[in-house]
Each structure stands twice: as C-alpha cells, then as structure tokens.
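Read through the structure below, which is laid out as structure tokens, and then see the notes.
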Amino acid sequence: MRIKFFPCAAHCVFIAILCAFFALVACSNSESEFGSPSQPEIADTSATSDTAVRYKYLLMLDTIQSQEVFDSISYLLTEFELEFEANYEYLNLFYLFAHNDSLKPAGTNWYNPLGKRSDYLGKGTPLNRPDSVADTTTFINSPLATDIVYMYKSLNDKYALYIPPIEVAGNAGDSSDQKIDGNDIMDILNDHPINHDLGVNLMSVSYRENPAFVIAQVYIGSAAEKEGLQINDTIIEVNGGAVTSLKAFEAASQKDKISLKVIRDSKEKNFDIAIADYPQPIVTYKVVDSVAIIHIEKFDVQGAMGDSGTYGEFLRALKATEFAKSMVLDLRGNGGGNSIQCREVSSEFLEKGDTLYIDYTTLSDFAATLETNKQIVAGTPIINERVGKVKDKYTVILADSETASCAEITAMTLASNRQSVIIGQKTAGKASSFVSLPTYLSGFCQLTFSLIFDKNGKTYHMMGIEPDIALDDYEQMMDTALVIAKEAEMSRHAGYGTSFTDMFAPFKE
C-alpha cells in the first residue's frame, strides 16, 4: 500500500510544514536586520582528515545538545550541506527504523538504524556520470550528493532512496538548460496512462449459435461512451464481418474507426465509431452467473472519473453490479498505491466500528515530533466509521505474488474481519508505506515511515499472505473463485507466510 503522491490534506500539511522548515533554515543562512549571528564556541576536534576539515560544521551537529548552538551552526552551512542536513533530518525524524528495531521482523538484514553524520560524510562513491569530475559546481557532481545516496543505501531498505537534482542539457541549438527536480519526478510517477481503443469490457456469449460479445462495462470518456454504447448491448458483427475472437476484436478496436452491429432490446442497431484516446480505467467489472467480478488495477487518487480516483470507480462498479449475489474481488497484479483510497474501498466491506488495521507510524503525533525534534512512533487503530455497502455480500479474493502494499491491506482487512477466502498465490508481503518528498535543493527522496498490522496485532510484512487455495494458473484461479463465490460457504483458514518473499530477499553482505 504506497502514500506515494500526497493523497490527502493531512499529508499536504506535512509537506507544507517541512517546506516551511527548510525555508527557515535557508533564511537563517542570510543576515537579518540585527546582523549575523555569532559563531559558536566549540572545542577543537583536532580532526586531520580531509572530510573532517571540509565538513567540520556538519560534523559538529553530531555532538551538540543546545538548540542555540545548532541554529548558529546551521547558519554556517553551505547550500550543498543544507541539502545533506535536510535529508539527514528527514531520516532522523521520520524513517521508521532510524532508532528502534522493535518493529523489524526477526531474521532479516533489512532496515539498518540511522547512524551519525560522520558515518556517511566522505563515504559515497562518485556517481556514474561522464561529467562527474569536470564540473563540481553543480550539486549532482559534488561529493555530498554521493554521500547522501550512500546514506540511504546503507539503511538496507530498497524503498528508501535519494535522487539528486539533475541538470539536463537542452536540445541542440538551445543554450538553455532544463532542470528535472523532485517535483518533476513526482509528476511523472503520478502520470495516468491513456488508452486508444473502443473502451469496453466484454464477455463472450453465443447469439443464435454464433459467437458474440456482451458489453459488461463502458469505460468513462471512451469512444464507446460518447457514441452511446450501453451495458448489455450484444455485438454480433464487427466491420461487416462475424465476431471471431476477443483478440481479433481488440485489434480491430485499436484502429482509427470501427463499425459494429449490436442487439439492444431485441432490435439491431448500427454504430460507426471513431476511436479516440481516453483515460485507462482503474476498476473494471462484469457479472458472471450472478457473481460480480471486480478487478482493481491499483489504488490511485486520479482515475478515469477524475479526483475521486479508485474509490469513485469502485463505487460505480458496486452500483452496476448491485444485483449480483456474491463477489470476486480481483487484486492480482495490484501493487498498491494510495492508502486513503485503499481505506475507502476496504470500508465498504465492513460493519461500522470494525478495525481495518493498526498503523505504526512516525506521523502519529507530527506536532510533538517537530516541537521536541525527536521521533515518535505509535500504533493507531484505524476504525471504520460507516456501514459498508457490501458488508453482507459474500466475497472471494484473488491475489498473486504481485499483490502488494495497499492491495494486501485490503485483502488482510477482509480476511481478518470477514474471513474472506483468498485464492491464488502468496502475496508480496509489503506492509510498509513510504512517503515521497522533494528535498531542499529540489532533489527527490522517499523513506519508509509506516508499518501495518491487522486488528489482532499481527503483520504479514516480508512474509506475505498465504492463499486458502494455492494455484498458479490464472484461468484456474478465476474458475475456482467463481465456484466458491456461487456456493458462498467456505471461510478462510490460512494465515500469513513463514518465509521471506522474493520482494524481501536478504541484502547481499
């Protein structure tokens, strides 16, 4: 389950406060109307190494206790040193395993604690860039950039990383440079894919002993929606010829135009449709033998319906399939995404007052963290505040080894509260969350700040969620899920994994 892209107001406040903090640090680097602050009186460390001399003020921060002295030293830091210090403080205050390993699963070499600044300064390996020696005036080529990268790598957490601000030369003949910074990277990660096809979800049927397709879903913003195709329309001809296979139909629907003959209310209707781009749907659905099949690709704040994201599309799917007696919730291939969207979707399966999960996070008391300048980690039960729309609908979950993060939270929530059966493969085992942030010099970093436990205080982190029925064939998974959903009798009996998943294989020493 990744808060990967500033999903809610609380986290926007989090970013705003940190940005304000760095702005104040920057302001302290210039003279006020009262003149420059006095330099601190600190004993000579007698260090002789090049690193100790080059970064003596940064290294002083490892030993000082007084806020007044800290502020005085901050004034003496260069812009590049402030970038290092900003990243160090991010980790110091908000990296979940920086100072405490009580939440760290036993037997893993992941999640090293944060050391002192002196453990990282001067330790980085030069970045692999052709111009890395030529121009040390840009941060990307400075030793401090490599030291920050080294600091994140030394944590042994592949979800903790740093990308320096990157200077990219402009096009030929263009003397201007383009700067790719942390905000640009986050925009790229937030980019929503675009489809170019008819825009329908189909089911294969037979019409007068000939192959045909029934439209189970019309995608928002697609050519199909604009031209008036509807759910339950039966397609009997494509471009003047008979319907053959779904693969052939998909190929035809990706051309510039497509002609269809459909049956609607026992009458034939013809459509000549110009294919156009549309936002790829996150949630797709159909109903087979009174069983709703709802597939969620990811949990995202931006979807085909706009700002309502995955949850908005999920509600639309529930409305379209409300007559179904049971449900198959397909989370295969879902790598997670936004935690708020995940929580909203999961809530629709629960009673009011149910505990979705327990969130151990460094953001449990953000104000106190800033006031004391100390990390605070606490577990917060997340309670469902409404009656779920499908709390009584029998639900089977499909999962595979790529079901991760927020998708696993949804599976775990239904399994622990509803005893929902899980079919497929053991999940990825990612119960941690990370926050992604632009840094002081507009670089980009992300760090683990949260770990999820179920309502009983247990976690699947690094070990995955075991299926009740283990299968590797994807068609067999769906066929089995449909049978169990129709019977609506089986309850969950499996638990969490007992060995590390591939996603959390040990780091090589």
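Side notes on the structure shown:
- Single unsatisfied condition, V387 versus (1) at pLDDT 95 or above; (2) part of a helix (DSSP H, G or I); (3) in contact with a Lys or Arg (Cβ under 9 Å, 6 or more places away or on another chain): (2)
- Listed by position, the strands (runs of 3 or more DSSP E) contained in region 202-289 that have at least 1 residues being in contact with a His (Cβ under 6 Å, 6 or more places away or on another chain) and among the charged types (D, E, K, R) are 276-279.
- Yes/no for M490 being on the phi < 0 side of the Ramachandran plot, open to solvent by 10 Å² or more (accessible area, probe 1.4 Å) and in contact with a helix residue (DSSP H, G or I) (Cβ under 7 Å, 6 or more places away or on another chain): yes
- When K508, K458, K430 are checked against the criterion of being assigned to a loop (DSSP other than H, G, I, E, B) and either at positive phi or open to solvent by less than 50 Å² (accessible area, probe 1.4 Å) (or both), K430 stands alone in meeting it.
- Qualifying residue in region 485-500 (condition: among the aliphatic types (A, V, I, L, M), over 30 Å from A145 (Cβ atoms) and assigned to a strand (DSSP E or B)): no
- Qualifying position, being within 30 Å of S405 (Cα to Cα), modelled with pLDDT under 50 and in contact with a strand residue (DSSP E or B) (Cβ under 9 Å, 6 or more places away or on another chain), among F94, F5: F5
- Single match in K261, K247, K257 (criterion: touching a Lys or Arg at 6+ places or on another chain (Cβ under 9 Å) and not aliphatic (A, V, I, L, M)): K261
- E475 being in a helix (DSSP H, G or I) and acidic (D, E): yes
- Of the criteria (1) open to solvent by 30 Å² or more (accessible area, probe 1.4 Å); (2) at pLDDT 95 or above, which one L441 fails: (2)
- L437, sole failed condition from (1) part of a strand (DSSP E or B); (2) in contact with a His (Cβ under 9 Å, 6 or more places away or on another chain): (2)
- Checking A324 against (1) hydrophobic (A, V, I, L, M, F, W, C); (2) part of a loop (DSSP other than H, G, I, E, B); (3) open to solvent by less than 20 Å² (accessible area, probe 1.4 Å); (4) within 24 Å of D197 (Cα to Cα), the condition it does not meet: (4)
- Residues that are more than 12 Å from L202 (Cβ to Cβ), among the basic types (K, R) and open to solvent by 90 Å² or more (accessible area, probe 1.4 Å) within region 229-266 comprise K255, K257, listed in sequence order.
- Odd one out for V421, checked against (1) closer than 30 Å to E85 by Cβ; (2) in contact with a helix residue (DSSP H, G or I) (Cβ under 8 Å, 6 or more places away or on another chain): (1)
- A residue that is in contact with a Lys or Arg (Cβ under 7 Å, 6 or more places away or on another chain), open to solvent by less than 20 Å² (accessible area, probe 1.4 Å) and not hydroxyl-bearing (S, T, Y) occurs nowhere in region 116-126.
- If you check Q419, Q425 for being open to solvent by 10 Å² or more (accessible area, probe 1.4 Å), on the phi < 0 side of the Ramachandran plot and not basic (K, R), only one passes: Q425.
- All positions within region 333-384 that are modelled with pLDDT under 95, surrounded by fewer than 19 Cβ atoms within 10 Å (Cβ to Cβ) and of a type in the set (V, I, T): T369, T372, I376, T380
The values are calculated or read from the model by the stated rules, or taken from the named source; none is laboratory data. The model shown is predicted, which means the values in this text are computed figures rather than measured ones. Neighbour counts run over all protein chains shown; Cβ positions are idealised from the backbone, glycine included. Calculation scope for accessible area: heavy atoms of the full protein, side chains included, ligands and nucleic acids excluded. Shrake-Rupley method; radii C 1.70, N 1.55, O 1.52, S 1.80 Å.
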